[in-house]
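The values are calculated or read from the model by the stated rules, or taken from the named source; none is laboratory data. Since we're looking at a predicted model, the values are computed, not measured. Cβ atoms come from the backbone with ideal geometry, glycine included; neighbour counts cover every protein chain shown.
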Amino acid sequence: MNLTYKFLDPAAIIDTEDFKVVQAFVHDTGRRNIGWHYIIDLTWIYSRARLWPAGIRVLDAGGGRGPAQFLLAEMGFDIVNIDLMHTQPDYSYTSRYGTKREGLESNVETRYLKHILNFGRYLKLLKQARKAMMESSLMRATTTKAYATRHECWRKANGYAARPVGRIQWLAGNLCQVPEMKTASFDAVVSLSSLEHIPIERLPEALEEMQRLVRPEGCWAVTTSGTERAETWYHDSSLGYCFSEGDLVKLFHAHPDDKASAADILSKYRTSRYLKDNLAFNYRLSGQNGMPWAKWNPVYIPVGITESPLCG
């Protein structure tokens with residue numbers, strides 16, 4: 001597999017047609033409360049995935065409850081989301097995508113899972129309130145219908161209504177070792193800002209496992225965090241690594257597909273009015289995230305990793 005990487009330029013992505021489609025998905029389906037750069041990552045992932053054949057089987061590596069799996073399912077792809085999952089799916093997911101949670105025997109708890117579990121007292125209270133609400137059968141039915149309606153409207157507006165909605169399966173597992181899954185089980189792999197949270201000494205294992213799980217001619221649309229610095233460094237607040245260009249080559253076995261300066265791209269994030277103005281509210285609730293206490297100060301750069309040439 002010949003992989004390439006590029007630092008994702010927000011100025012080149014915002015206001016494109018792909019961006020408008022993804023922006024509508026995020027807004028119309030109630031997913032505005034996402035990572036500060038996720039709409040850039042999602043647009044880049046979408047720009048690749050819209051070229052893929054409908055109905056293929058896609059691995060979402062470390063997808064959690066993130067938006068990529070739902071976007072792809074609404075586009076007609078079947079998703080298997082392998083993550084350190086710790087809760088049952090919402091009834092809306094079960095109803096629309098047939099989502100069930102299955103624990104893999106090989107799953108091992110990590111420090112990052114504990115970080116997720118401890119993220120913010122407000123978020124814990126919000127989950128408790130949601131659970132109480134969903135216990136009402138009438139409210140559950142109403143919420144499920146509204147969920148389906150919002151997503152069908154997006155599908156019709158963006159040309160996906162003729163495709164069947166994809167399935168989403170949740171597997172609680174550690175990407176570094178998934179012996180339960182057969183080699184070449186997937187036609188494609190996506191990952192939305194997840195791999196940087198794997199301990200760097202174990203990252204080669206995870207990447208090797210991803211290579212094993214995806215067929216050799218499969219499609220890749222993976223995003224992670226990069227840096228303009230000469231060396232990879234660790235961002236304590238979000239418990240994630242910011243990979244240098246040298247390590248993007250060494251660890252990911254990817255090569256640059258353009259000559260854009262990482263420092264120049266980072267400066268575009270720092271001056272992006274759209275991203276700053278649309279920063280999710282939850283960043284104000286904690287310093288343990290990618291934008292501590294919602295102070296606008298991007299210190300790392302989204303990176304897109306894909307196969308070359310692009311498959312479609």
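If you check GLY240 against the conditions, is it crowded, with 16+ Cβ neighbours inside 10 Å, within 17 Å of ALA12 (Cβ to Cβ) and small (Gly, Ala, Ser)?
So GLY240 does not fit the description; no.
The set of residues in segment 78-110 that are farther than 18 Å from ILE198 by Cβ, out of contact with any Lys or Arg (no Cβ under 9 Å at 6 or more places or on another chain) and modelled with pLDDT under 85 contains only GLU105. The numbered conditions (1) in contact (Cβ under 8 Å) with a residue 12 or more places away in the chain; (2) surrounded by fewer than 22 Cβ atoms within 10 Å (Cβ to Cβ) are all true for LEU175 except (2). Evaluating TYR38 against the criteria (1) over 11 Å from the mean Cα position of the chain (by Cα); (2) at pLDDT 95 or above leaves one unmet condition, (1). Within segment 8-34, the residues that satisfy the criterion of being in a loop (DSSP other than H, G, I, E, B) and either among the β-branched types (Val, Ile, Thr) or out of contact with any strand residue (DSSP E or B) (no Cβ under 9 Å at 6 or more places or on another chain) (or both) are ASP9, ILE14, ASP15, THR16, THR29, GLY30, ARG31, ARG32, ASN33, ILE34.
Looking for something assigned to a loop (DSSP other than H, G, I, E, B) and under 12 Å from the mean Cα position of the chain (by Cα) - is there at least one such residue anywhere in segment 68-78? Scanning segment 68-78, I find no residue that is assigned to a loop (DSSP other than H, G, I, E, B) and under 12 Å from the mean Cα position of the chain (by Cα), so the answer is no. Residues of segment 1-25 that are surrounded by 14 or more Cβ atoms within 10 Å (Cβ to Cβ), touching a residue at least 40 places away in the same chain (Cβ under 8 Å) and of a type in the set (S, T, N, Q): THR4 alone. Please pick out the residue among LEU266, LEU275 that is under 17 Å from ASP41 (Cβ atoms) and either in a loop (DSSP other than H, G, I, E, B) or out of contact with any strand residue (DSSP E or B) (no Cβ under 6 Å at 6 or more places or on another chain) (or both). Answer to the check: LEU275. Of all residues in segment 235-244, one or more are in contact with a His (Cβ under 9 Å, 6 or more places away or on another chain) and of a type in the set (Ser, Thr, Tyr). Among the residues of segment 244-263, those identified as in a loop (DSSP other than H, G, I, E, B), free of Cβ contacts under 8 Å to residues at least 60 places away in the same chain and not basic (Lys, Arg) are SER244, LEU251, SER261.
Does ASP28 satisfy the condition of being buried (at least 24 other Cβ atoms within 10 Å of the Cβ) and of a type in the set (Asp, Glu)?
The answer is no for ASP28.
Taking into account only those residues within segment 196-243 that are in contact (Cβ under 8 Å) with a residue 40 or more places away in the chain and of a type in the set (Asp, Glu), which is farthest from TYR269 (Cα to Cα)? Among those that are in contact (Cβ under 8 Å) with a residue 40 or more places away in the chain and of a type in the set (Asp, Glu), it is GLU217. Restricting attention to segment 49-67, the residues that are within 14 Å of the chain's Cα centre (by Cα) and among the basic types (Lys, Arg) add up to 1.
For segment 291-312, residues that are under 28 Å from CYS219 (Cα atoms), assigned to a loop (DSSP other than H, G, I, E, B) and touching a residue at least 40 places away in the same chain (Cβ under 8 Å) total 5. Scanning segment 35-67 for residues that are in a helix (DSSP H, G or I) and either over 24 Å from ARG163 (Cα atoms) or of a type outside the set (Lys, Arg) (or both) yields TYR38, ILE39, ILE40, ASP41, LEU42, THR43, TRP44, ILE45, TYR46, SER47, ALA49.
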